[in-house]
Amino acid sequence: MALREKLNKILPTILPEKAENAIKGKELIARVRAVLGDAYSDHSLRSQFSFMVLDAASCLARVENGQGYYLRSDEDAPSLQTVFGGSAVGDTMLHRAMALAVRLYDTAGQGVFVYPVDEEESWGHPDLVAVQWPSGAWDAEGAYIMEGEQEELSFRAICVGFAEDEESCRQAFFRTLACGQWAQECELLLLPGAANEEELTSLAARYGVGIRCLDADEPALEAMPRADEIFRLSTDDARTLLASLPQTTLARPRHRELSARAAAAMPDTAVVLQWAHGCTARGRVESFEHRVAVN
């Protein structure tokens, strides 16, 4: 029996029924281990919890704007907390930029894994990872069914940067390089400002980092819907919004072999690989798995 099936069976018996009695992830892991033993790592359990809270049909719900899990009722919707971290209202420029980045890739048919949005940049993981699924087709319920022989998954590590000045552009570039060294491709999504395009193009050619400039400056971002609204737009509406923002590609990412060694040295990538390979092992991506997150 798969871990997801085991959790669906045991969680209703160990979760509190009300949000005010929610338990934190550490306690939930302890309760699960009391039943299942130590066969699964913390990473495996936490990633499954994150996937389940995005699935409206699962029994697991997460407290909005806080920490803790409880038993989902019919009134509970999947929590935006899993996507936009501690500022679920999505009123900041960073959150709107991240929502645009997610829609840029998911409307192109790619799976998107989003790391928690934090005001302080992480050099241990990118902001999001886009996955090119093997050939397949969508079914009537919104699941993606893979067809034929399994092709190798292609991962693109993506960082979002603001071109406040030339130094911030360099920092964003090298953060993208550092955070994406394990993936087949890495790309910097840069919002407008004081970018030295000649320097960035030269760096991109040297290191193989893709650079895409999205013309969404501060006034444009402030005039947009909130991040959670951008995230929930239909595919057609999201494409219309993105089409209204001119894009310039300074450099395309250079494809390379997936580095298992580099991935092993960056623990935060494990949950991405588990998510993607779990989908390919089943030969399908459920509707709630197209955009996932962990925090």
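The values are calculated or read from the model by the stated rules, or taken from the named source; none is laboratory data. The structure displayed is predicted, hence computed values, not measured ones. Positions of Cβ are generated from backbone atoms using ideal geometry, with glycine treated the same way; all protein chains shown enter the neighbour counts. When the accessible area is computed, the model is the full protein with side chains, heavy atoms only, and any ligands, DNA or RNA have been set aside. Shrake-Rupley method; radii C 1.70, N 1.55, O 1.52, S 1.80 Å.
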Anything in region 191-241 that is part of a loop (DSSP other than H, G, I, E, B) and in contact with a Ser or Thr (Cβ under 6 Å, 6 or more places away or on another chain)? List them, or say none. Val209
Would you tally the residues in region 93-113 being in contact with a Gly (Cβ under 9 Å, 6 or more places away or on another chain) and not in a helix (DSSP H, G or I)? 0
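I'd like to verify a number: residues in region 189-202 that are under 20 Å from Val102 (Cβ atoms) and either crowded, with 22+ Cβ neighbours inside 10 Å or of a type in the set (D, E, K, R) (or both), how many? Please lay out each step first, then the result.
Within region 189-202, the subset under 20 Å from Val102 (Cβ atoms) is 189-192.
Filter again for either crowded, with 22+ Cβ neighbours inside 10 Å or of a type in the set (D, E, K, R) (or both), leaving 189-191.
Selection size over region 189-202: 3.
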Of the residues in region 92-112, those that are touching a helix residue (DSSP H, G or I) at 6+ places or on another chain (Cβ under 9 Å) and either modelled with pLDDT of 90 or more or over 23 Å from Thr249 (Cβ atoms) (or both) come to Thr92, His95, Leu100, Val102, Arg103, Leu104, Asp106, Thr107, Gly111, Val112
Inside region 63-87, can you point out the residues that are open to solvent by 20 Å² or more (accessible area, probe 1.4 Å) and either modelled with pLDDT of 75 or more or closer than 20 Å to Lys6 by Cα (or both)? Val63, Gln67, Tyr70, Leu71, Arg72, Ser73
When region 110-145 is examined, which residues are found to be in contact (Cβ under 8 Å) with a residue 40 or more places away in the chain and open to solvent by less than 20 Å² (accessible area, probe 1.4 Å)? Gly111, Val112, Phe113, Val114, Tyr115, Pro126, Val129, Val131, Trp133, Pro134, Ala143
Every residue in region 214-253 that is touching a strand residue (DSSP E or B) at 6+ places or on another chain (Cβ under 9 Å) and under 11 Å from Leu100 (Cα atoms), please. Leu214, Ala216, Leu221, Phe231, Leu242, Leu245
Criterion first (at pLDDT below 85 and out of contact with any His (no Cβ under 8 Å at 6 or more places or on another chain)) does Ala19 satisfy it? no
In region 157-188, anything open to solvent by less than 30 Å² (accessible area, probe 1.4 Å), without any contact (Cβ under 8 Å) to a residue 60 or more places away in the chain and not in a helix (DSSP H, G or I) is listed as Ala157, Ile158, Cys159, Gly161, Ala163, Gly180, Leu188
Any chance Leu258 is open to solvent by less than 20 Å² (accessible area, probe 1.4 Å), part of a loop (DSSP other than H, G, I, E, B) and either modelled with pLDDT of 90 or more or not aromatic (Phe, Trp, Tyr) (or both): no
Can you name every residue in region 203-224 that is surrounded by 15 or more Cβ atoms within 10 Å (Cβ to Cβ) and in contact (Cβ under 8 Å) with a residue 60 or more places away in the chain? Leu214, Ala216, Leu221, Met224
Would you check which residues across region 21-32 are in contact (Cβ under 8 Å) with a residue 12 or more places away in the chain and either over 19 Å from Ala270 (Cβ atoms) or open to solvent by 70 Å² or more (accessible area, probe 1.4 Å) (or both) and list them? Asn21, Ala22, Ile23, Lys24, Leu28, Arg31
